[in-house]
1. Being of a type outside the set (Phe, Trp, Tyr) and under 21 Å from GLY332 (Cα atoms) is true for just one of ILE416, ILE376, ILE383, ILE424. Which residue is that?
2. (1) surrounded by 17 or more Cβ atoms within 10 Å (Cβ to Cβ); (2) at pLDDT below 95: which one isn't true of ASN142, the others all being true?
3. Please go through the stretch 27-78 and pick out each residue that is surrounded by fewer than 17 Cβ atoms within 10 Å (Cβ to Cβ) and touching a Cys at 6+ places or on another chain (Cβ under 6 Å).
4. Exactly one condition in (1) touching a helix residue (DSSP H, G or I) at 6+ places or on another chain (Cβ under 7 Å); (2) under 18 Å from TYR113 (Cα atoms); (3) crowded, with 20+ Cβ neighbours inside 10 Å; (4) aliphatic (A, V, I, L, M) is false for VAL85; which is it?
5. Give me the pairs: first residue in the stretch 508-527 and closer than 12 Å to SER456 by Cα, second residue hydroxyl-bearing (Ser, Thr, Tyr), beta-carbon distance under 8 Å, and six or more apart or on different chains, which are they?
6. Quick one: count up the residues across the stretch 379-394 that are over 27 Å from ARG345 (Cα atoms) and either touching a residue at least 12 places away in the same chain (Cβ under 8 Å) or β-branched (Val, Ile, Thr) (or both).
7. In contact with a strand residue (DSSP E or B) (Cβ under 7 Å, 6 or more places away or on another chain) and either without any contact (Cβ under 8 Å) to a residue 40 or more places away in the chain or outside the structural domain of ASP373 (by TED's automatic domain parsing) (or both): which single residue out of ILE62, ILE25 fits that description?
Amino acid sequence: MAKDDWNIKPNTQTKLQMLEDIFDIWLTIWNGSKQQKWVDKEWYVLDLFAGRGWYDDKGKEIKGSPLIFLEKILSQQNKLRKNNVKIKLFFVEKNKNNFSELEKRISKFKENYPQIKHVSAINLYREDCNKKTEAIIKQIVNNSRNPLFLCIDPWGINIKKETIKSYLNLFNPVDIFFNYSKEGERRTRGVAIKALKSQKEIKTTNSLEEFLGKEVDYKARKDLDLLQEYVKTLFIANMYNVVGFDMEYPTKRDVIYYLLFASKNKVITNKIVKEIYAKYKERTTGPNLFGKEFYLNSILSLFPKSTGILRKSLLYKTKVEYGDWTINHIIGCMHGCNFPCYAMRMAQKFGWVKDYDDWRKPKLVRNALELLDKEIHKYKNEIDFVHLCFMSDPFMYNCETNELMPEVKDLTLKIIERLNKESIRVTTLTKGYYPDEILDKQRFLSTNEYGITIVSLNNAFKKRFEPFSAKYDRRIKSLRKLSENGLRTWVSLEPYPTPELDKNAEDIERILEKISFVKKIIFGKLNYRRLNSSGISNSMWKNNIEFYANMAQKVIDFCQKNNIKYHIKSGTPLNRKNTENIFLT
């Protein structure tokens, strides 16, 4: 649609009817008695491409998205007032003429329905939404008790991926109605692939890359594959479920755009919105011999691979000797270490996982942020720091993609940010690597402490005992980068192997020199009895007290020489109680 073309088309009318149906359900759900028991009283509606507020249908005015939102809120005003809810609306429109029309329609609506002021606060901005997002976010209470409905219906591809990510990074429950312009993407992709050199063509290429994100290879993918890759890298990576309606041109069998709806609540996407989409698909296409089920199956549906679980609590005080409080927001670990893993054994004991293969299919705690919001104020005064995490890995590595698992990384970063927002320090330990987001000193406290586990530099040992974790050099490199940027870093040399398991084990100095930049080191022996019971060990094992005493002394000498704090774990020779509180302030 051209910017000056406000004569409504059948596909636009269908789109607006869908939006009206979905927003009506959104209001009804959040106004329900179940939600009212825990939800806060300030909600948000953001319309980033608000337009002029109305369309023309042969002389008849058809309300656009801003008036749809206001009329639906007005229709539920009695219940909203009863529940003391106020909805803040943000209407953003860049075009001067459109904005002027929008102001007139909003002013007229407020004049005709003055009671709307009791349940809403309306904010209008004549601005590029990509530039205004930071200012809008500052006006939003950023927690899981304040729901947010985000409407993105852009001209072509004028929405940047990073803009959408800014909203996905909020703690709020965000539900998104998004018009993904296949026509706009296809048109600009044609220019970008030709790699022409005029200023206009370079600008077009830059716009496409800002829309899709640099992680999406637009040159090598077909239309639907490109859409799915976009959805996976934006929504699925942030644990959102997505359904999509393929809106066709009025006069030909080809898709003009996809109406995507994204939510972390799978019931909303896979049941409610999917059924709405199927209803409109049947209405626009016509009855089918196979009935409603045929249309339900035709709706594009994409969901995170990691299955989630719900828990009743999240924060707890740990009994681990150098710990304080901890969070385990993941069950299972893709690293699949073969020491064997204590965390895996506990998970099997409590019935959380069936076996090793099941353990390597991590499950996120879907309500982790909601629980954290509830518990953080309850325990805040008791907490010195929170460790992530003793039962899994907060920056889990996927050896198939050679990258971090995006959904694990995203949840971990949000948990750290939420704790830091309350001035609670965090310590982390990983066999993955650290993402660059950690370097954002405005988002995260500089007093956090980031660690890696390194017990060998021998690739043969890694292949046997840490088969799916990140390479040793990659771990160290990412930790060094944090240290060079002024962040606090540490290393866990535990469980440290014996020469029977790693022929290079006695050369601990080689590891220590590699990690000499860190501020703290923890050293601990391998529980060989547990290893022996798993059937992994060989008959050459002997009780290597002397070996571990020698290694512990080397660690102590190195740390004292290089002004590095250290702790030798309980059960390991040369352990001292006075170093246990290595992370306490």
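1. Values: ILE376 fails: under 21 Å from GLY332 (Cα atoms); ILE383 fails: under 21 Å from GLY332 (Cα atoms); ILE424 fails: under 21 Å from GLY332 (Cα atoms).
The match here is ILE416.
2. Unmet condition: (1).
3. none
4. Against the list (1) touching a helix residue (DSSP H, G or I) at 6+ places or on another chain (Cβ under 7 Å); (2) under 18 Å from TYR113 (Cα atoms); (3) crowded, with 20+ Cβ neighbours inside 10 Å; (4) aliphatic (A, V, I, L, M), VAL85 comes up short only on (1).
5. Cβ pairs passing all conditions: ILE508/TYR496; ILE511/SER456.
6. Here is the first cut: in the stretch 379-394, the residues over 27 Å from ARG345 (Cα atoms) are 379-384.
Add one more test, that the residue is either touching a residue at least 12 places away in the same chain (Cβ under 8 Å) or β-branched (Val, Ile, Thr) (or both), and what stays is 379-380, 382-384.
Matching residues across the stretch 379-394 total 5.
7. Values: ILE25 fails: in contact with a strand residue (DSSP E or B) (Cβ under 7 Å, 6 or more places away or on another chain).
Testing whether each residue is in contact with a strand residue (DSSP E or B) (Cβ under 7 Å, 6 or more places away or on another chain) and either without any contact (Cβ under 8 Å) to a residue 40 or more places away in the chain or outside the structural domain of ASP373 (by TED's automatic domain parsing) (or both) leaves just ILE62.
Matching residues to (1) surrounded by fewer than 19 Cβ atoms within 10 Å (Cβ to Cβ); (2) not hydroxyl-bearing (Ser, Thr, Tyr):
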{"site": "PHE303", "(1), (2)": "yes, yes"}
{"site": "LYS312", "(1), (2)": "yes, yes"}
{"site": "TYR316", "(1), (2)": "yes, no"}
{"site": "HIS335", "(1), (2)": "no, yes"}
{"site": "MET346", "(1), (2)": "yes, yes"}
{"site": "TRP352", "(1), (2)": "yes, yes"}
{"site": "LYS361", "(1), (2)": "yes, yes"}
{"site": "LYS378", "(1), (2)": "yes, yes"}
{"site": "ILE383", "(1), (2)": "yes, yes"}
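The values are calculated or read from the model by the stated rules, or taken from the named source; none is laboratory data. This structure is a prediction, so every number in the text was calculated from the model and none was measured. Glycine gets a Cβ as well: all are built from the backbone with ideal geometry, and neighbour counts include every protein chain shown.
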